[in-house]
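Shown next, in structure tokens, is the structure this report addresses.
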Amino acid sequence: MVDEQDQALSEIAAAATLADLEAIRVAKLGKAGTITALLKMLGGMTPEQRQAEGPKIHALREAATAAIADRKAALEAAALDARLATETLDMSLAVSNGSQGSVHPVSQVMDELAEIFADLGFAVATGPEIEDDWHNFTALNIPETHPARAMHDTFYFPDGEDGAKKMLLRTHTSPVQIRTMLNQKPPIRIIAPGRTYRSDSDATHTPMFHQVEGLVIDRGIHMGHLKWTLETFVKAFFERDDIVLRLRPSFFPFTEPSAEVDVGFTWDKGRRVIGGDPAVGNGGWMEILGSGMVHPKVIAACGLDPDEWQGFAFGCGIDRLAMLKYGMDDLRAFFDGDLRWLKHYGFAALDVPTLSGGVGA
Ligand code: PHE
């Protein structure tokens, strides 16, 4: 019996392939196998013989079964290693059948904005999309009872535990003004692009959309700085020098005075284009952003002295900028995730906007 066991174990250890091992398994443990034959002999033994031989035969079967399983695992691991050693993937190879993915126009426009404003000395700031009431409204001079709260069609979160802050999805990027003024000392020059949310939906409104906020805080800042900055930005963005802007008096609780900014458009071969003299032909004005001088109450709410520090701010819809520049007409298509739309309007991954090469495609 001991001989039989040694014999079986050495044969199993010597099996060079999975097929050899399977042949050994059948020869030992199969229906007509040698170990199976020993097991069958137990039936014909006297109880005394069986008591003596039984445990040995069972131990033999278990040892052989375990050895086969071990050898099988070792042979499989070796086969995998051999395959891994021969199969290689050349990561340096260029994609051969054209590019698969593309950069969404909103991402591309955000990159263009960062590039243009970096050249003017603006850093990019970010803030959370889940905001509290104070940053989104109160600190921006929109108190609890202010009608602007209703105008914003805010998505509120369900009430938390007692005393927990009321949370909401930010309705604009303006809370990033507050977070920036609280976290860094003036002078401040930032833009803050990102997602914003309002309960609103039609061809020109989606519940989630994108804005870019601009904020400058320094000494002696006035409306002239605001107008120059916006003109420089819009000219660089639309890549035309003949851009005409119109500042219309408006109202925002967080700016005083406030101005809505329109850009002049003209027509070229039946297509509306930004730029040119809006007084000519069928030209006209299109609203592109809200702006103004940061309200002294907002500056004070951030712990700064409004007598020392002034500034301007603006907020602009990024999706709308993209639509105007790249000629898309339905905002909802931006967020459908339709690959055909992305193939048509998307940008190549290496099409990085630069001022020298042109920010647009
Ligand atoms: N937050 C305003 C909006 O969403 C835009 C704005 C920003 C206006 C900054 C003035 C200054 O409509």
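All of the numbers you see were taken from the coordinates with simple rules; none came from a lab. Owing to the predicted nature of the structure, the values given are computational and were not obtained by experimental measurement. Counting neighbours? That spans all protein chains shown, and the Cβs are built from the backbone with ideal geometry, glycine included.
Which is farthest toward the positive dipole end of the chain among 186, 110, 27, measuring Cα position about the Cα centre, with Cβ charges +1 (Lys, Arg) and -1 (Asp, Glu)?
Result: 27.
How far is it, in nm, from the label point at residue 76 to the one at residue 235 when both lie 7 Å from their Cα along the line to the Cβ?
7.1 nm
What base-10 log of the normalised intensity I(q)/I(0) is obtained for region 2-84 from the Debye formula, alpha carbons as equal point scatterers, at q = 0.22 Å⁻¹?
Results for region 2-84 at q = 0.22 Å⁻¹ read -0.98.
Using the Cα centre of the chain as origin and beta-carbon charges of +1 (Lys, Arg) and -1 (Asp, Glu), tell me which of 54, 300, 37 is placed farthest towards the positive end of the dipole.
37
Neighbour counts of other C-beta atoms within 10 Å: give me 345, 156, 197, 326 arranged from fewest to most.
By the 10 Å Cβ count, ascending, the order reads 156, 326, 345, 197.
Tell me what the chain gives for mean residue ellipticity at 222 nm when only DSSP H runs of n ≥ 4 count, each as -39,500 (n - 2.57), the sum divided by the residue total, rounded to 500 deg cm²/dmol.
It lands at -12500 deg cm²/dmol.
Count the DSSP beta bridges whose two residues both fall in the chain, then state the antiparallel fraction as a percent rounded to the nearest 5.
Percentage antiparallel, nearest 5: 95.
Where nothing but the Cβ of Lys and Arg (+1) and of Asp and Glu (-1) is charged, how large is the charge dipole of the chain around its Cα centre, in debye to the nearest 20?
Details: 34 positive and 50 negative charges, 88 e Å.
Roughly 420 debye for the chain.
Considering only lysines 8 or more places apart in sequence, or on different chains, count the pairs in the chain whose C-alpha atoms sit under 15 Å apart.
Step by step, the pairs that qualify in the chain add up to 5.
Can you give me the C-alpha center-to-center distance between region 204-232 and region 304-337, rounded to a whole angstrom?
Taking the Cα centre of region 304-337 as reference, the centre of region 204-232 is 9 Å away.
Please list, short to long, the whole-number percent of alpha-carbon pairs of region 16-57 in consecutive 10 angstrom bins beginning at zero.
29, 37, 23, 10, 1
D for the chain, whole µm²/s, Stokes-Einstein with Kirkwood Rh over alpha-carbon pairs at 37 °C and 0.692 mPa s: what number?
124 µm²/s
Using only Cα atoms and rounding to the nearest 10 degrees, what angle (0 to 90) does helix 223-238 make with the longest principal axis of the chain?
On a 0 to 90 degree scale, this one is about 50.
For region 22-99, which trypsin sites (Lys or Arg not before Pro) are in a loop by DSSP, counting at most 10 other Cβ atoms within 10 Å?
Qualifying residues, ordered by number: 31.
Which longest run of the chain has no exposed loop site in it, a site being GluC sites (Glu not before Pro) in a DSSP loop with at most 12 other beta carbons within 10 Å, and the site itself not part of the run?
In short, 162-307.
Using DSSP to define loop residues, name the trypsin sites (Lys or Arg not before Pro) in region 169-230 whose beta-carbon has at most 13 other beta-carbon atoms within 10 Å.
Passing sites in region 169-230 are 219.
With angles folded into 0 to 90 degrees, how steeply does helix 47-86 sit against the dominant principal axis of the chain? Use alpha carbons for both and round to 10.
In the chain, helix 47-86 runs at an angle near 40 degrees to the longest axis.
All other residues with a Cβ under 15 Å from the Cβ of residue 343 taken together, and with Lys, Arg as +1 and Asp, Glu as -1, what is their net charge? Spell out each step's value before the answer.
Numbers: positive: 340; negative: 336, 338, 351.
Overall, the nearby charge balance is -2.
Which angle between 0 and 90 degrees, to the nearest 10, do you get for helix 18-29 versus the longest principal axis of the chain when only C-alpha atoms count?
The answer is roughly 40 degrees.
For region 216-284, with the dipole built from +1 on Lys and Arg beta-carbon atoms and -1 on Asp and Glu ones, taken about the Cα centre, which of 232, 275, 222 lies farthest toward the positive end?
The residue sitting farthest along the positive end of the dipole is 275.
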